[in-house]
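Beneath this line is the structure, given in structure tokens, with notes to follow.
All of the numbers you see were taken from the coordinates with simple rules; none came from a lab. The model shown is predicted, which means the values in this text are computed figures rather than measured ones. Ideal geometry is used to build each Cβ from the backbone, glycine not excepted, and the neighbour counts take in all protein chains shown.
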Amino acid sequence: MPDEETKNDRPKQPNVAEDVGALLTGLKTTLAETFKPVVTTMYPEDKTPRSERYGGRHYLRRYDDGLERCIGCELCAAACPVGCILVIAAENSDEERVSPGERYAKTYEINMLRCIFCGYCEEACPVQAIVLGPEYELSDVSREKFIYTKERLLEPLPPAVQARLDGKKAT
Ligand code: SF4
Ligand code: SF4
């Protein structure tokens, strides 16, 4: 028994052929990876495409004649699970018509710091006035800048969002 224990404790003898074989296997793996197409996206210069259903930064839409779609009904604010939409409606008049309905949103704000991008506001809107766009780079330097005002939300709709909405209409 003691003889067997001594035999097991002996250090393994170096085997040059085994070591060279392992080295070659490693080199083969490295070489194979070297010639494979690069899959790394060089963000932020390159960006991966968003899925069509991706919901990022919000937009308020206008009709072709320039009138705002929003009629100040506050359904989006009611549907929002985190209460980050503020709508204060006002009456349209013949002298000052902002939207086709009786009312329009005098104030429309979204607190992007609270938004969870669930898209419920878009689903709740009866006139497709509020929509989510593909932008996800929303970092900024102060809390105030995360309160998206109506002016900011009324910025032109990105073509991708328009295409998605046109697709919805077609189905
Ligand atoms: S996406 Fe969701 S959380 Fe964000 S404003 Fe719309 S309803 Fe609220
Ligand atoms: S965005 Fe739509 S749901 Fe929200 S207040 Fe305007 S019309 Fe109503």
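In sequence order, region 73-89 has phi-based couplings of 7, 6, 5, 4, 5, 5, 7, 5, x, 10, x, 9, 10, 10, 10, 10, 8 Hz under the Karplus curve 6.51 cos²θ - 1.76 cosθ + 1.60, θ = phi - 60°, and Gly or Pro positions carry x.
Using the Kyte-Doolittle scale, which helices in the chain average at least -1.0 and also have C-alpha atoms spread 18 Å or more along the helix axis, with helices defined as whole DSSP H runs? If you can, show how the numbers build up before the last one.
On the way: long enough: 16-34 (27 Å, 0.58).
Membrane-span-like by this criterion, though nothing is claimed about a membrane: 16-34.
Note on Val82 and Asp64: the model spin-label points, each 7 Å out from Cα along the C-beta direction, lie 3.7 nm apart.
Per-residue Karplus couplings for region 123-137, computed as 6.51 cos²θ - 1.76 cosθ + 1.60 with θ equal to phi - 60°, are listed in order as 5, 7, 5, x, 10, 6, 7, 9, 9, 9, x, x, 6, 10, 8 Hz, Gly and Pro entered as x.
Modelled spin-label separation between Leu31 and Leu157, with each label point placed 7 Å from Cα along the Cα-to-Cβ direction: 5.6 nm. Among Pro37, Pro49, Pro158, which one shows the biggest mean-square fluctuation in a GNM of the chain, springs joining Cα atoms closer than 10 Å? Per the Cα network of the chain with a 10 Å cutoff, Pro37 tops the list. Entry note, the chain: relative contact order of 23 percent, from Cα contacts under 8 Å with a spacing of 6+ residues. Cysteine residues of the chain whose C-beta has no other cysteine C-beta under 4.7 angstrom: Cys70, Cys73, Cys80, Cys84, Cys115, Cys118, Cys125. Note on Leu75, Leu113: ascending count of other Cβ atoms within 10 Å places them as Leu113, Leu75, the fewest first.
For each of Asp94, Asp19, count neighbouring Cβ atoms within 10 Å of the residue's Cβ, then give the residues from fewest to most.
Exposure proxy ranking, most exposed first: Asp94, Asp19.
Just to verify a number: FRET efficiency for Leu138 and Leu24, C-beta to C-beta distance, R0 = 35 Å, to 0.05? Show your work: numbers first, answer last.
Working: r = 50 Å, r/R0 = 1.43.
About 0.10, to the nearest 0.05.
Around the amide H of Arg103, modelled in the peptide plane, lie the amide H atoms of Asn92, all under 5 Å away and 5 or more residues distant in sequence or on another chain. The phi torsions of region 114-119, fed into the Karplus equation with coefficients 6.51, -1.76 and 1.60 and a -60° offset, translate into couplings of 9, 4, 10, 6, 7, x Hz, rounded to whole numbers, with Gly and Pro shown as x.
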